[in-house]
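A short worksheet on the structure shown next.
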Amino acid sequence: MNPETRRNSPTVLILQIVSLVLFLLLWEWAAKTRAVDPLFIGQPSKIFAYLYQSVFVDQVLLKEAVWTLSETAAAFVLGSVAGIAFGLLFVLYEPIERFLDPPFSALNSLPRIALAPLFLLWFGLGPISKIALGFSLTFFIVLNNTVAGARSVDSDWIILARMLGAGKAKIFFKVTLISAVPTIFSGLRLGLIYALLGVIGGEIIASQYGLGQLLSLLANTFETNGVFAVLFFLAALGVTLSKLMSAIEAYLLRWR
Amino acid sequence: MQLEERTASIDIENVNHLFPGGVRAVSDATLRIHAGEFLSIVGPSGCGKTTLLNLIAGLIELRDGRISVAGGSPRAGRHEVAYMLARDCLYPWRTALENVMMAGEFRGVPKATRMKRAKELLGHVGLAEFEDHYPKALSHGMRQRVALARTFSLDSPVMLMDEPFGALDAQTKLQLEDVLLDLWNAEKRTVLFITHDLNEAVTMSDRVVVMSPRPGRIIADISIPLPRPRSVRALQKDPHYHEIYSNVWSRLEEGLNQEGRHAP
Ligand SMILES: Nc1ncnc2c1ncn2[C@@H]1O[C@H](COP(=O)(O)OP(=O)(O)OP(=O)(O)O)[C@@H](O)[C@H]1O
Ligand SMILES: [Mg+2]
């Protein structure tokens, strides 16, 4: 049996649902009887009540999510475009890569969240500082994957293209670049999650809007149920984004 | 296609090749392959067959000796020369049809012409129903058929083939040898075919050239007087073929023995 069918088999799905329900019941019981202080763990029924309220009634969560998502989208698109562009430039003109390698390596090994204070100083409390942080994460991931993908092109493919009479430009666009798409795509998938990470991180540190800002506000006011509700929402958001990327990937890379 | 001696022959004179590091891969090779001739080179592994082919293809720079191919000097990407390897080298992101069309695409052939030609050739190699399959969904033998079709999709008068069936099982190999002979019969080209399978060389070729172990020297040049058109599978049972085969085999041994006496 391949992993796909195993994951989707009904027995496993039923077991997963049953254990999730059991876990929530246990959690609810622990919070209700105060076996564990609900200040730390919240209470499932109240978490879902908060989720319902903030998604369907006052829609606070959705309004904040719009901020977070648009910042993430901006960081992701800018970071990916720049990452791919620099990656291709590096592959085409190696001297540029050698020239830029020291500062890029240094920036890439820096824990990017440490740049947050600087970005706040430069770009203020608004969305731009969050986009910059997301960008700084996505850019290097996509850059590295683009370079790795384009460098690992099968040399026989290149030889054959040369023998078939393809010039440098045709070889680059029709062979090297396309053969790198799968690797670039796994960079994009990771880059998207990291763009979200950067944006949320930035919002938690200092912001007026966004899910990160909401999260830190709720935590500071000991609204544990709200914190869990936002976390659940974020997890669902992350999974949705990943699935979306997978679907696009499966379509574009159907030849694999 | 009309083949002319001047524009479809390969002329190799006193070619030597020394790899950096001092490996002498080809030693004083002189050989003429006539227009429309199917010539095989056989020889033990590592004797310099691929090196010689790549010198002719222009993939390795010629430093010592003279090579003229299809009326010009060796250069990668010349339209007069087609090239095929043991690995199918299909582009996995293209369907069988798109792979066959690729050759013309690189050379600026109009799309309609390429498409027509590619469909025709895929039909010839027995893959008409698999046009829209990606390489991952084709067997080894089928992939090599696509590669054959791609090689023939160009009007190049000269074809260089480096063990194109070397990676196939015996059964598939016989099938593909017949496919190649059919294509070649329909449109005669000059073929330089590299193999280390003597049986394959004898059944397919007009002439078989034997190279010695490294440094590769040409030690025998044998004509194969089997009538055309040939069927590789039918030949396996033909007594005349077996007679010629053992004749070639003894000439080969002779060459190798003499080689042994020459060796220090
Ligand atoms: N790029 C290279 N650099 C240095 N030496 C090489 C290179 N390519 C081949 N050689 C050497 O040249 C010799 C001939 O190699 P070649 O690939 O031409 O052999 P071959 O006859 O095609 O062998 P096979 O039947 O295994 O394909 C080998 O001994 C190999 O070690
Ligand atoms: Mg070889």
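The values are calculated or read from the model by the stated rules, or taken from the named source; none is laboratory data. Since the model is a prediction, treat every value here as computed from it, not as a measurement. Methodologically, a virtual Cβ is constructed for each residue, glycine included, from the backbone with ideal geometry; neighbour enumeration extends over all protein chains shown. Side chains are part of the model used for accessible areas, which takes the heavy atoms of the whole protein and leaves out ligands, DNA and RNA. Shrake-Rupley method; radii C 1.70, N 1.55, O 1.52, S 1.80 Å.
Spin-label model, B:ASP64/A:ILE17: points 7 Å from Cα along the beta carbon direction are separated by 7.8 nm. The separation of segment A:114-132 from segment B:9-27, counted between C-alpha centres, amounts to 63 Å.
A 1.4 Å probe run over the protein assembly as shown, with the rest of the protein chains in place, finds 49 Å² accessible per residue.
Roughly how many debye, to the nearest 20, is the charge dipole of the protein assembly as shown about its Cα centre, given +1 on each Lys and Arg Cβ, -1 on each Asp and Glu Cβ, and no other charges?
560 debye
At a Förster radius of 60 Å, what calculated FRET efficiency corresponds to the Cβ-Cβ distance of A:VAL66 and B:ARG32, to the nearest 0.05? With R0 = 60 Å, the Cβ-Cβ based efficiency is 0.20. Within the listed set B:ASP182, B:ASP206, B:ASP238, the residue fluctuating most in the Gaussian network model of chain B (springs between alpha-carbon atoms under 10 angstrom) is B:ASP238. For chain A, modelled as a GNM whose springs connect Cα atoms under 10 angstrom apart, the maximal fluctuation among A:SER19, A:SER152, A:SER136 occurs at A:SER19. Only Cα pairs under 8 Å and 6+ residues apart enter the sum, and on that basis the relative contact order of segment B:1-112 stands at 25 percent. How charged is the neighbourhood of B:SER156? Take every other residue with its Cβ under 12 Å from the Cβ of B:SER156, and add Lys/Arg as +1 and Asp/Glu as -1. It works out to a net charge of +1. Heavy atoms of chains B and A lose about 2200 Å² of accessible surface on contact, summed over both sides with a 1.4 Å probe. Calculated translational diffusion coefficient of segment A:83-192 (20 °C, 1.002 mPa s; Stokes-Einstein with Kirkwood radius over alpha-carbon pairs) equals 139 µm²/s. Within chain B, the longest segment free of exposed loop sites, counting GluC sites (Glu not before Pro) that fall outside DSSP classes H, G, I, E and B and have at most 14 other Cβ atoms within 10 Å, spans B:62-186.
Helix A:60-92 axis versus longest C-alpha principal axis of chain A: approximately 20°, rounded to the nearest ten.
Counting heavy atoms of the protein chains alone, B:ARG78 has an accessible area of about 20 Å² for a 1.4 Å probe. Within the accessible area of chain B, the carbon and sulfur atoms contribute 49%, probe 1.4 Å, all protein chains present.
Globularity index of segment A:154-210 is 1.92 (Cα radius of gyration / 2.2 N^0.38 Å, N = number of residues). Between B:ASP182 and B:GLU4, residue separation times 0.36 nm minus the direct Cα-Cα distance comes to 62.0 nm. Here the dipole of chain A is about 600 debye; that uses its Cα centre as origin and unit charges on the Cβ of Lys and Arg (positive) and Asp and Glu (negative).
Just give the residues from segment B:100-138 buried by at least 40 square angstrom of accessible area in the all-chains context relative to the isolated chain, probe 1.4 Å, and say none if nothing qualifies. Checking the loss per residue gives B:GLU105, B:PHE106, B:TYR134, B:LYS136. What the Cα atoms of chain B give is an Rg and a Dmax of 18.4, 60 Å. For segment B:39-77, a drop of 20 Å² or more in accessible area on going from the chain alone to the assembled protein chains (1.4 Å probe) is found at B:LEU59, B:ALA76, B:GLY77.
Quick one: Cα centre-to-centre distance for segment B:35-50 and segment B:130-202, in angstrom? Value for the Cα centre distance between the two parts: 15 Å. Projecting the Cα atoms of B:GLY166, B:ASN14, A:PHE104 onto the dipole axis of the protein assembly as shown, where Lys and Arg carry +1 and Asp and Glu carry -1 at the beta carbon, places A:PHE104 farthest toward the positive end.
Return the calculated 222 nm mean residue ellipticity for the protein assembly as shown, to the nearest 500 deg cm²/dmol, obtained by summing -39500 (n - 2.57) across DSSP H runs with n ≥ 4 and dividing by the residue count.
Value at 222 nm, helices only, nearest 500: -19000 deg cm²/dmol.
Please identify every one of the chymotrypsin sites (Phe, Trp or Tyr not before Pro) in segment A:126-224 that sits in a loop by DSSP and has no more than 16 other beta carbons within 10 Å of its own beta carbon.
A:PHE222
Along the positive direction of the dipole of chain B (beta-carbon charges: Lys, Arg +1; Asp, Glu -1; about the Cα centre), which of B:PRO74, B:VAL26, B:VAL109 reaches farthest? Of the listed residues, the answer is B:VAL109. Shown is the FRET efficiency for A:ASN220 and A:PHE40, computed with R0 = 22 Å from the Cβ-Cβ distance and rounded to the nearest 0.05: 0.90. Annotation note: chymotrypsin sites (Phe, Trp or Tyr not before Pro) in segment B:146-213 located in DSSP loop regions with a Cβ neighbour count of at most 13 within 10 Å are absent.
Roughly how many Å is it from the Cα centre of segment A:174-192 to that of segment B:66-124, as a whole number? Cα centroid to Cα centroid, the span is 27 Å.
In summary, the convex hull built on the alpha carbon positions of chain A has an orientation-averaged projected area of 18.3 nm². Pairs with C-alpha atoms separated by more than 24 Å, drawn from the list A:LYS174/B:LYS111; A:LYS168/B:LYS111; A:LYS170/B:LYS111; B:LYS49/B:LYS237; B:LYS136/B:LYS173; B:LYS119/B:LYS188, are B:LYS49/B:LYS237.
Divide the volume of the convex hull around the Cα atoms of the protein assembly as shown by the residue count and you get 223 Å³ per residue. Measuring nothing but protein heavy atoms, the accessible surface of chain A at 1.4 Å probe radius is 73 percent carbon and sulfur. Compare B:ASN99, B:ASN16, B:ASN247 in a GNM of chain B, Cα atoms joined below 10 Å, and give the one with the largest fluctuation. Evaluated over chain B, the most mobile residue of the options is B:ASN247. Of the residues A:PHE123, A:LEU20, A:VAL175, the one whose Cα sits farthest toward the positive end of the charge dipole of chain A, with +1 on the Cβ of Lys and Arg and -1 on the Cβ of Asp and Glu, is A:VAL175.
For segment B:1-121, the C-alpha radius of gyration sits at 1.23 times the compact-globule guess of 2.2 N^0.38 Å, with N the residue count. If you take all other residues with their beta carbon under 11 Å from the beta carbon of B:GLY48, and give Lys and Arg +1 and Asp and Glu -1, the sum is +4.
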